[in-house]
Amino acid sequence: MENKSLWKKITGSREALLLAILVVMGIFITILNPTFFSPVNIGQIFRNNALTMIMALGMLCVMLTAGIDISITSTLAFAGMTIGMLTKYNIVNSTLALFLIAMVMGCFCGAMNGLIIAKGKVAPIICTMGFMYIWRGMAYVVGNSQFASGEDVREFAEFGKDGTIGPYIILIVCYALFFWMLKWTKFGRKIYAVGSNAEAARISGINVDNTLISVYTIMGTLAGLAGALSVSIYASAQPNMQYGREMDVIAACVIGGVSMSGGRGSVAGTFLGALIISIIAKALPLVNVPSIAQNTVKGVIILVVVIFNVITQRMVDRQNLERREM
Amino acid sequence: MAGKSGRSINAEQKITAKKLLFTWEGALIVLFILVNIFNMNISQSYTFANVLREMPKYLAEMFMVLPMAYILVLGDIDISVGSIVCLTGTLTCYISNAGAPFPIVILGCLAAGLICGVINGSIATSFPELPSMITTLGTQIIFRGIAEISLGGGGSVAYNNTKQIMPLSTKLGKTVPVIILVVLVIAIIFTVVLQLTTFGRSLYAIGSNKTSAFYAGVDVQKCRFIAYVLMGLMASMCGLFLTAYTYGANTTTGQGFEMEVIAMCVFGGIASTGGKGTLIGGIIAGLIITLLRIALGQANVNSQMILVIVGALLIIAVLIPGIKGKIDEMKKLRAAA
Amino acid sequence: MKRKVVSILLTAAMAATLLAGCGGSGAATEEAAPAAAPAAEEAAPAAEEAPKAEEAPAEEAAPAEEAGAEAAEAATGGSDVSGKTFAIVVKSAGNPYFKKAIEGFTEVIEGNGGTVVVKEPSAATVDAQITEIQSLISQGVDSISVAANDENALQATLQEAMDAGIKVNCFDSKVNADSRMTFCNQAGITEVGQALIDAVLDLSGGEGQYAILSATSQATNQNSWIEAMKSIQESDSKYAGLELVEVAYGDDEPQKSTDQAQALLSKYPDLKVICAPTTVGIAAAAKVLQDQKSSVKLTGLGLPSEMAEYIGADDAHSCPYMFLWNPSDLAKLAAYSSIALVNGEITGAVGDKFTAGDMGEYTLTDGGDGGSEIILGPPFQFNPDNIADWKDVY
Amino acid sequence: MSESEYILELNGITKIFPGVKALNQVHFQLKRGEVHALMGENGAGKSTFIKVITGVHAAEEGHMYLEGKEVHFRGPKDALDAGIAAVYQHPTTYPTLSVTENIFMGHEIIKGGMIQWNEMNAKAQELLDRLHANFKPSDEIGALSVAQQQMTEIAKALSTNAKIIILDEPTASLTANESEELYRIVDQLRDEGVSIIFISHRFEDMYRLATRVTVFRDSQYIGTYDVDKITNADLVKAMVGREISDMYPKPEVKIGDEIFKIEGMSRTGFFKDVSLNVHAGEIVGMTGLVGAGRTEVMESVCGITKPDSGKVFLGGKQLKVKKPEDAMKEGIILLPENRSTQGLILSWGLGRNVTLPIQKKLAKGGIFNDSKKENELSKKFLEEVDTKAVTIFDPASSLSGGNQQKVVVAKALAQDNMKLVIMDEPTKGVDVGAKAEIYAIMGELAKKGYGIIMISSEMPEILGMCDRVYVMCNGRVTGCLNREEASQERILNLSMEHSSNERQEEAV
């Protein structure tokens, strides 16, 4: 019995495994390039990947309900482009107001997803695919072939400037908030319940539709926030920003142990998954792996991690069966 | 035999024109006609000859609509196809540039697609616990990654012997592009297989209820494997013809195709949850989207706006079955009361 | 009965969407046209001055305000092309550089009585450009000017266009010689390479490590400029002290460019200069350097409006000077050459001459790839003295 | 006053689903602190009724009074708040979550905006102790057995401090010992003053626990009786609406040669060293408790799962079965236990369901589906088993459970190379009329000389229909009884032989 629980703890704890992978990666990279493990570098990893990390939280919630959202980077671009234009033409200049506007827009976009998925019973991937096209198109329409960059967003970019702590604070607040929400609040429980067994959730009095709508709205709001952050950190708003990056966010969640069939996944795992993706992006140029190999490495890691997980699960099942007496 | 009450069960299926019209496919045909009328109104250039000429690029994607329909009917999804197009396109150029004769080039391209399909299929069937979205997300990144690595610093490769590959992009009688005939033949084969054969029936059985299908003797994993392999193969056909039309390949080749192809299927009534829809619907939907894009392009509608329109159409299309279901349910409720 | 209603609703809804979409976009295109007019006035000084700018590290070329009137006149000059349609296909939508180009192109063509069709593909891919060009062939335009996303990939489509009697030229990024009649080159490859390597030499103080932050690895222009830089460096001993440590690719994405710039800094502590011959890359690198208050200096090719923030001679600014040409002028040149092609003044053969309105006379030269090209002029230097005048222009 | 006597009272409840009236003017009265059994055949409306009480479904007509006051539940939440908790037939657990999370889902202990995990874990442990559960609050539900999941559900109901607890077929998947445990818990709850509604098919449960019983039939209220005053026969009559005379038309068939044999088949964790044989024309029963490994053995025979060792012979020839198709080719036909998830494709028409296993045989050239032939054939077999359907294109989901089972039988009959038929719980959830028809078909098949294996938990049908009975317990065949030797006692004895021993081992 003791043996079993120890074995189970090691294989069962996805977070421990990911941490181990991270440590090994860290050591390996540091040996190849000692500058990797410097405070500046670590800071940059978080800053440059703040967007992925923040959106991964929303994706975690969405995937916990057995859904998926591939419209997030389009939402990001729509919101980011809008505030970029607002500040470029000096319509709104307050940093706080711009952040709020972006989040409200994201909230709206997300709510649209949620409504159609929950009330229209449309498969999440299809619905969000439609909006992926729509919001991206809207970003171009809003931009009207203009970028907002450099001087246009000078004031706003102060917030996300290298060396400022703004992005880190947002990151920490988001993670703390979601950690609290998913683990310690009723609402968090509801998300898990809906993803784990929607029928049971309905019977035990959880409003499944509302939970779904909330989850997609949260995702949208975070995408809007990420849009604002993106404009601030990179001091540029372009309609094609973060194009295709939704897959990174999904990959971060998947590596972090979030199950696509719902009900399984944690904030800690998501964080570690996002961190692994970020470190791959950051480290490859540092260790002289040509950056064109970055995608291949990323893809291999995703497959290895998910397949490894299946195999350990099979081993655990097999062991459980063998323990059964006859 | 036992307990016969002499009750007779009707085995005649009455097919009326009205019934046909109210299927999704019927609605699509009506829409197809409407779209054509609409197109002719917004663009003077919307002539048969022009449409024929503009079609090939879209038809290359149509290759993938066919097996994607199979995969969606199975209840799976494959988002790696755009990357397979890129990888096979790249390899095609390299094989030809190495001096291979044309048949070898074609075979090499198809073999590459086949291998990609086999890889996807093997992973999907060895680990049926994993959602296909995840495994093909992995291979999506890897296949394009391999293409990126083999393209190296330049990031693009030209098909040097353009004369060699020209037969694929020529037009018969100066009007009908070869690709139309190829797509037509393959589309007919795929449609016939899906709608009329035991294999097609098995796909629907798996997509409707995997366990029941398995208990009824359907080889679930074999069917899934075949579907993925066909997907890879058709993606390489797309890659081949795209190469013929672009004389080369680069790292962005085929980007986003997977979503466009899935959108066409879903618009055609093939549910991403499996077991529903027909390839006829998928093909008509593909044509509708294609013709619409051609006409809107000719009318110089902003390319972003076209995306917005396609996205909106998609969402409306997937919302309709739900709305219809609700209405039917209400009708039944009223009947019961 | 209900079914019928549903079907009707379906078709009606779709039709409505189409109409709505169409209406919206129609408005957008109409809007674009008048917008071009006032912009043209702004762009005017550039039309006058940029091509006349002296040698690469030219000290100054202040925009001449008085040139406005001349430029307006220029717009109406040239040969009449009423009834003809000229298409411009840019790399992708939503890029201000090409926005300026479109404005310049429109100004010239409409000034000469022609009609402009603007095509901005949804993504910066070959596929998207092919679709757009195919659509133009259907419309039977008279000329197509394209900024290509790939050198070879458009060959089949552009040849088809030429077979259909459409004049094809390219600007900004060329297509291969078989696919075009001529190429409006913003600056000779060697000139750009020379300007950049000289800037690196200048900023490094004569010796030291430098790195290049490029766009995508397949970007034709960037690759040829980088090659030019390398060969110039090898051919002249005055560059012997310079060491190119790495060519990094930021894929023209702000995030990746930022990553790459930061990686360069941490990998090469002795780095003296980063050269970024791409507008996205230079902006990202400028921000990284300035934010980190790094001593590494930056140069390259960038848009004044994006870079104004970072250009300055003191340590608080990361980029002492950089280069670019005027996209509006480049597109004007493309427009004039298109007119010349359509009117039969030139055929695209090397040695042909034509008058580009008030921009003066241009000669088609050998592009070195079997086709002809028209060189706009050497790249223009933006420095702390002139940046304030240019940042609102483009 | 009657209001004070009844804690819960429902009058004239009518519930309509699309196409069917699931409840028609039913009544129900629950006394304070009583255990009230609710009985009726499957489809009688019991489960729907429960869902009306718990607010999952809203009734179209009728009134509900809780402690004399009329209440209207807008959702399950209202019912929970009012002190009504339900444990459903199929455990409605959250498989990916822990026991504690399951127990407190929806009514977490929250202080200062934070869920109190420590307190909840402690409370969960307390509840589990009270139920004598052998698992921990931190265990993941998906890894627990059905019985353990059921126990978690009961713990969940307890955790809400409910005044009324509804148990929907709680013993269906429990072993005898586990059932005993459940009885103890129910007694305990009743003594604590909780009122309990108990749905079960087992008369044993009712006699053991309930004081009163209410019977539903065909969505209608039939009556409420005192348990100690009603006879078994009367109760059956109330439930099925008529007296059943010749329920088991076992034909006299001459038993032929041995046609099928399993030798020493094992599969880790499911069954071990199983051997059995079947003769032509023989109906062989397989019984034992749920989870004894009966279904698993037959699934391995049919290629659904892979056995680790063992040989299978059909007509003296050793078979190599790797997938279901192989078994079908040899003439071994399985009618799976679960119609809706294993036997039928509910969204498909009946005809297509019937011909799915034989589509290749019917197909032109083995490739193209022959719709005409398929339609004719499926019509023939569906009529043969007397399916109540209008056309062969009706979706299977539109049929009742009994008729769905007939479609499954028709599907088996359509396979003309049939030699051995394995029926897994063929009458589960089938109404009495259809049951008799299925037994009749079984008899006909035996007459034709096929071998038949019937897996069943229902003692009467095992005793009534089978020539021989194999009894399994905990993965092993513990005995084989002839028709003459077989009796309820002996079968029960064999099916529990090891259970008690093992239980002790586990406890150590």
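Suppose we filter segment B:132-174 for residues that are in a strand (DSSP E or B) and surrounded by 23 or more Cβ atoms within 10 Å (Cβ to Cβ); how many remain? Spell out the reasoning first.
Filtering segment B:132-174 down to residues in a strand (DSSP E or B) leaves B:156-158, B:171-172.
Among the residues that remain, those that are also surrounded by 23 or more Cβ atoms within 10 Å (Cβ to Cβ) are: B:156-157.
Residues in segment B:132-174 being in a strand (DSSP E or B) and surrounded by 23 or more Cβ atoms within 10 Å (Cβ to Cβ): 2 in total.
Right, D:Leu377: over 28 Å from the mean Cα position of the chain (by Cα) and either facing chain B (nearest Cβ under 10 Å) or within 29 Å of D:Val284 (Cβ to Cβ) (or both) or not? Break it down stepwise before answering.
Numbers: over 28 Å from the mean Cα position of the chain (by Cα): yes; either facing chain B (nearest Cβ under 10 Å) or within 29 Å of D:Val284 (Cβ to Cβ) (or both): yes.
Taking the combined requirement at face value, the residue satisfies it.
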Inset, instruction - Would you mind telling me which numbered condition in (1) facing chain C (nearest Cβ under 10 Å); (2) within 16 Å of the chain's Cα centre (by Cα); (3) part of a helix (DSSP H, G or I) B:Leu292 fails? - result: (2)
Inset, instruction - State which residue is surrounded by the most Cβ atoms within 10 Å (Cβ to Cβ) when the search covers only segment D:270-311 and only residues that are out of contact with any strand residue (DSSP E or B) (no Cβ under 7 Å at 6 or more places or on another chain) and free of Cβ contacts under 8 Å to residues at least 40 places away in the same chain. - result: D:Gly303
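Being β-branched (Val, Ile, Thr) and touching a residue at least 24 places away in the same chain (Cβ under 8 Å) is the filter here; which residues of segment D:366-390 pass it?
Narrowing segment D:366-390 to residues β-branched (Val, Ile, Thr): D:367, D:385, D:387, D:390.
Across segment D:366-390, the qualifying residues are D:Val385, D:Thr387.
Of the residues in segment A:23-69, how many are away from chain C (no Cβ under 14 Å) and more than 24 Å from the chain's Cα centre (by Cα)? Working first, answer last.
Initially, segment A:23-69 is screened for residues away from chain C (no Cβ under 14 Å), giving A:23-28, A:31, A:56-69.
Okay, now just the ones that are also more than 24 Å from the chain's Cα centre (by Cα), so A:27-28, A:31.
Total satisfying the criteria: 3.
Matching residues to (1) surrounded by fewer than 24 Cβ atoms within 10 Å (Cβ to Cβ); (2) in contact with a Phe, Trp or Tyr (Cβ under 6 Å, 6 or more places away or on another chain); (3) free of Cβ contacts under 8 Å to residues at least 60 places away in the same chain; (4) more than 7 Å from every other protein chain (Cβ to nearest Cβ):
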position	(1), (2), (3), (4)
B:Val229	yes, no, no, yes
B:Gly239	no, no, no, yes
B:Ile320	yes, no, yes, no
B:Met330	yes, no, yes, yes
Inset, instruction - Go through (1) of a type outside the set (A, V, I, L, M, F, W, C); (2) surrounded by 20 or more Cβ atoms within 10 Å (Cβ to Cβ); (3) closer than 30 Å to B:Gly275 by Cα one by one and return the number of the condition D:Ser398 breaks. - result: (2)
Inset, instruction - Residues that are assigned by TED's automatic domain parsing to the domain that holds D:Lys448 and more than 17 Å from D:Ile422 (Cα to Cα): find the strands (runs of 3 or more DSSP E) completely inside segment D:247-313 holding 2 or more of those. - result: D:258-267, D:271-279
Legend entry - Close pairs from segment A:77-95: first over 19 Å from A:Thr221 (Cα atoms) and surrounded by fewer than 19 Cβ atoms within 10 Å (Cβ to Cβ), partner of a type in the set (Val, Ile, Thr) and at pLDDT 90 or above, Cβ under 8 Å, at least 6 apart: A:Val92/A:Ile83; A:Val92/A:Ile101
Inset, instruction - Identify the residue in segment A:110-137 that is free of Cβ contacts under 8 Å to residues at least 12 places away in the same chain and aliphatic (A, V, I, L, M) and, among all such residues, is surrounded by the fewest Cβ atoms within 10 Å (Cβ to Cβ). - result: A:Ala123
Legend entry - Yes/no for B:Leu233 being under 27 Å from B:Leu107 (Cβ atoms), in contact with a helix residue (DSSP H, G or I) (Cβ under 8 Å, 6 or more places away or on another chain) and touching a residue at least 40 places away in the same chain (Cβ under 8 Å): yes
Inset, instruction - Output yes when any residue across segment D:316-328 is within 24 Å of D:Glu444 (Cα to Cα) and within 14 Å of another protein chain (Cβ to nearest Cβ), and no when none is. - result: yes
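Restricting attention to segment C:134-159, which residues are charged (D, E, K, R) and more than 8 Å from every other protein chain (Cβ to nearest Cβ)? Don't jump to the end; show me each part of the working.
Taking segment C:134-159 first, the residues charged (D, E, K, R) are C:142, C:150-151.
Listed by number, the list holds a single entry, C:Asp142.
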Legend entry - Condition broken by A:Asp162, with the remaining ones in (1) within 23 Å of C:Gln255 (Cα to Cα); (2) touching a residue at least 24 places away in the same chain (Cβ under 8 Å); (3) part of a helix (DSSP H, G or I) satisfied: (3)
Legend entry - Candidate set from segment A:164-212 (those that are under 24 Å from A:Leu51 (Cβ atoms) and among the hydroxyl-bearing types (Ser, Thr, Tyr)); member that is nearest to the other protein chains (Cβ to nearest Cβ): A:Thr164
Legend entry - B:Ile315 being part of a helix (DSSP H, G or I), touching a helix residue (DSSP H, G or I) at 6+ places or on another chain (Cβ under 7 Å), within 8 Å of chain A (Cβ to nearest Cβ) and buried (at least 18 other Cβ atoms within 10 Å of the Cβ): yes
Inset, instruction - Would you point out the residue of segment B:249-287, among those that are in contact with a Phe, Trp or Tyr (Cβ under 6 Å, 6 or more places away or on another chain) and either at the interface with another protein chain (Cβ under 8 Å from one of its Cβ atoms) or within 17 Å of B:Leu319 (Cβ to Cβ) (or both), that is surrounded by the fewest Cβ atoms within 10 Å (Cβ to Cβ)? - result: B:Gly275
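Out of D:Lys361, D:Lys372, I need the residue that is of a type in the set (D, E, K, R), out of contact with any helix residue (DSSP H, G or I) (no Cβ under 7 Å at 6 or more places or on another chain) and under 26 Å from D:Leu319 (Cα atoms). Which one?
Values: D:Lys372 fails: under 26 Å from D:Leu319 (Cα atoms).
Being of a type in the set (D, E, K, R), out of contact with any helix residue (DSSP H, G or I) (no Cβ under 7 Å at 6 or more places or on another chain) and under 26 Å from D:Leu319 (Cα atoms) holds for just one of D:Lys361, D:Lys372, which is D:Lys361.
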Legend entry - Condition check for D:Tyr65: outside any helix (DSSP H, G or I), within 9 Å of chain A (Cβ to nearest Cβ) and either touching a residue at least 40 places away in the same chain (Cβ under 8 Å) or in contact with a Phe, Trp or Tyr (Cβ under 8 Å, 6 or more places away or on another chain) (or both): no
Inset, instruction - Please state which of the following conditions C:Thr299 fails to meet, knowing it meets all the rest: (1) assigned to a loop (DSSP other than H, G, I, E, B); (2) in contact (Cβ under 8 Å) with a residue 60 or more places away in the chain; (3) over 20 Å from C:Ala147 (Cβ atoms). - result: (1)
Inset, instruction - Please enumerate the residues belonging to segment D:330-345 that are surrounded by 18 or more Cβ atoms within 10 Å (Cβ to Cβ), more than 7 Å from every other protein chain (Cβ to nearest Cβ) and part of a loop (DSSP other than H, G, I, E, B). - result: D:Gly331, D:Glu337
Inset, instruction - Kindly indicate whether any position in segment C:188-196 is in a loop (DSSP other than H, G, I, E, B) and in contact (Cβ under 8 Å) with a residue 12 or more places away in the chain. - result: yes
Legend entry - Which numbered condition B:Ala263 misses (of (1) more than 13 Å from the chain's Cα centre (by Cα); (2) modelled with pLDDT of 90 or more): (1)
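Please determine, by comparing only the residues of segment A:95-141 that are of a type outside the set (A, V, I, L, M, F, W, C) and away from chain B (no Cβ under 14 Å), which one is nearest to A:Phe78 (Cα to Cα). Step through it out loud before you land on a result.
First, the residues of segment A:95-141 that are of a type outside the set (A, V, I, L, M, F, W, C): A:95, A:106, A:110, A:113-114, A:119-121, A:124, A:128, A:130, A:133, A:136-137, A:140.
Filter once more, keeping what is away from chain B (no Cβ under 14 Å): A:95, A:106, A:110.
On the way: A:Thr95: 18, A:Gly106: 8, A:Gly110: 12 Å.
Checked segment A:95-141; the qualifying residue nearest to A:Phe78 (Cα to Cα) is A:Gly106.
I want to confirm something. Restricting to segment D:258-287 and keeping residues that are hydroxyl-bearing (Ser, Thr, Tyr) and under 23 Å from D:Glu485 (Cα atoms), which single residue is farthest from the other protein chains (Cβ to nearest Cβ)?
Just the residues of segment D:258-287 that are hydroxyl-bearing (Ser, Thr, Tyr), to begin with: D:266, D:268, D:275, D:287.
Pick out the ones that are also under 23 Å from D:Glu485 (Cα atoms) and you get D:275, D:287.
Working: D:Ser275: 15, D:Thr287: 18 Å.
The residue in question is D:Thr287.
Among the helices (runs of 4 or more DSSP H) confined wholly to segment A:202-314, which include 2 or more residues that are at pLDDT below 85 and under 30 Å from C:Leu289 (Cβ atoms)?
Values: elements: A:208-234, A:246-255, A:267-286.
Counting at least 2 such residues, we get A:267-286.
The values are calculated or read from the model by the stated rules, or taken from the named source; none is laboratory data. The model shown is predicted, which means the values in this text are computed figures rather than measured ones. Positions of Cβ are backbone-derived with ideal geometry, glycine not excepted, and every protein chain shown enters the neighbour counts.
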